[in-house]
Amino acid sequence: MLSAVDAHGEAVVLAGPQAKALATRLKEIPHFCPQCESPVIVKAGEINIPHFAHVSSTSCDSFSEPESPRHLAGKSDLFQWITKTAEAQMEARLPDQSQRPDILTGRIAVEYQCSSIPASLFKERTDKYTAKNLTPFWIYGGKAVERKGTYIKLSPFQRLFLRYNAQLGFYFISYCPDRKMFTIFEHIMPLTPSLCTASCRFAKVEDMTFPPSIPFKAAAPFPLQAFFDEKRRWIDQSLYFQQGRSHPFFKAVYASRRNPYLLPEFVGLPVPSGMSIRSHPIEWQFYLLAEQHKRPVEDIIRSRIKAGHLKEQPLPLAPDVTPEAAAAEYMALINELGISNATADSSTMFHKLQKEEQFVKVFGEKLTSRLMF
Ligand SMILES: [Zn+2]
C-alpha cells in the first residue's frame, strides 16, 4: 500500500519523485492503516518502491498483501500521472467500505490489475462501481500481449479489459511501469479463437492526457482473405490436435455428410460482436444456419453455450457485446449480402478456393465496412 495515516489522522501518500526522501523521513514516525487502523511501517528496500506494510500479518480485508513490485510501481506512476491535472485519492475508501479502488478521481475508479483474477470477480467489481455511479477504469498491468507475426494473441483474462468505442472499435489499454509507457491496441478483431488483428500505439506517460484522449486513426482494412486462410488453418489444427470427431462442431458436420473444408464461404464470417464468443465463427454460424428454421437464433447460440459446445467470452466493460448480438448481426449480414443457399458446399478444395476469392472480391468491402468503426 502507498497510503497511510499518521497519529493525527493525516493522510500520507508515498508517490512521486520525493517518495524515497519522504519514506526515510517517515520511518521513525508511527503510521496506521486507513482501513483497519492497525500499525503499518515504511518499507524502502532495493526491489520495491517505498511503501507501507502492516506490522503484523493478521489479515486486513482490503489490502491483499504483499502487492507485487510492479503493482506498487504502476500505481505510483498512475497516481502522479493523474494528479498532474486532476484531484485524486490514492487507495481511496468508498463510504460503504465495500471496495477500495487503487485511485479514485472524480467519479472514475482506477484499477491497475497485474495479476490474473477470475472473470466473475472482474465483473462483480465492475458492476459494484457502476451501481455506485462510478466509472471503473481498468488498466492492464500483466505480462506483455503475445504477438504472432502481425497478429496478437489475447488471453481470456486480457480480453476482460476490452472496451468498445465507435472510433477505436475494440481497444485495450495496458501500462508498463518499467518503460513508463502505455500500450494501446485498437481496432481489435478476432481472426480465430486465439488470434486477433489490431493496430498498436505506444504513449509515454508524460505525453498522455487524463482522462486519456486517443487521437483518431483510420483502421486498416480487415484482411478478409487472411481470415479465410486462418479459418482453413484452424480446421487443420482442430482436426489434428483435438480428435475432430469428438468435437461437437466436426461431429455435426460429418453427421450431415459434409466436409468442414468445403462448407460455403459465408459459414464463418467475422461480425463485431463475435468477440463475445471464444469459438471459431464457423462453429456457431454452422449451428445457426442448421437450426434457424426451428427456433430463434438467440436461443440456438445460448443453448449451445449452455451445452458446452461454444465458449462465451465475458466482456464486463462492453456489456452490449453478447453472443445473442453476434447471432443477430450474422443473420442480418447474410441477409444483406443476399445469401440464401446455406448448403452450397464446394465440390473440391480448388473450387472452394476459387469461391473464396470471388467472395472477397464481391463482398469484401461491404463486409469489412460493417466491421470498421
Ligand atoms: Zn489494514
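So, in the stretch 61-74, of the ones that are surrounded by fewer than 18 Cβ atoms within 10 Å (Cβ to Cβ) and within 16 Å of the ligand (Cβ to nearest atom), which residue ends up modelled with the highest pLDDT?
Here the residue is P66.
Return the residue satisfying two criteria in turn: it lies in the stretch 1-11 and is open to solvent by 20 Å² or more (accessible area, probe 1.4 Å) and within 26 Å of R70 (Cβ to Cβ), and of such residues it is nearest to the ligand (Cβ to nearest atom).
Ranking the candidates gives V5 first.
Kindly indicate the residue of the stretch 212-224 that is surrounded by 14 or more Cβ atoms within 10 Å (Cβ to Cβ) and more than 30 Å from A86 (Cα to Cα) and also modelled with the lowest pLDDT among those meeting that condition.
A219
Which ones in the stretch 174-227 are part of a loop (DSSP other than H, G, I, E, B) and under 25 Å from E365 (Cβ atoms)?
Listed by number, the residues that qualify are L191, T192, F216, K217, A218, A219, A220, P221, F222, P223.
Any chance you could count how many residues in the stretch 71-90 are of a type in the set (V, I, T) and within 21 Å of I117 (Cα to Cα)?
Final tally of qualifying residues: 0.
Matching residues to (1) open to solvent by 40 Å² or more (accessible area, probe 1.4 Å); (2) among the hydroxyl-bearing types (S, T, Y); (3) within 19 Å of Y140 (Cβ to Cβ):
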| residue | (1), (2), (3) |
| --- | --- |
| L162 | no, no, yes |
| F170 | no, no, yes |
| L191 | no, no, no |
| C196 | no, no, yes |
| K204 | yes, no, yes |
| K251 | yes, no, no |
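Kindly establish whether R233 is among the basic types (K, R), open to solvent by 50 Å² or more (accessible area, probe 1.4 Å), over 28 Å from L371 (Cβ atoms) and assigned to a helix (DSSP H, G or I).
So R233 does not fit the description; no.
Given (1) open to solvent by 10 Å² or more (accessible area, probe 1.4 Å); (2) modelled with pLDDT of 95 or more; (3) closer than 17 Å to I82 by Cα, identify the lone condition not met by K153.
(3)
Determine whether A203 is of a type in the set (A, V, I, L, M), closer than 15 Å to Y151 by Cβ and without any contact (Cβ under 8 Å) to a residue 60 or more places away in the chain.
no
Within the stretch 335-354, how many residues are in a helix (DSSP H, G or I) and crowded, with 18+ Cβ neighbours inside 10 Å?
Matching residues across the stretch 335-354 total 1.
How many of the residues making up the stretch 17-55 are more than 10 Å from the ligand (Cβ to nearest atom), out of contact with any strand residue (DSSP E or B) (no Cβ under 7 Å at 6 or more places or on another chain) and of a type outside the set (K, R)?
So the answer is 13.
The values are calculated or read from the model by the stated rules, or taken from the named source; none is laboratory data. What you see is a predicted model, and the numbers here were worked out from it, not measured in a lab. Using ideal geometry, Cβ is built from the backbone for each residue, glycine included, and neighbour counts are taken over all protein chains shown. With ligands, DNA and RNA removed, areas are computed over all heavy atoms of the protein, side chains included. Shrake-Rupley method; radii C 1.70, N 1.55, O 1.52, S 1.80 Å.
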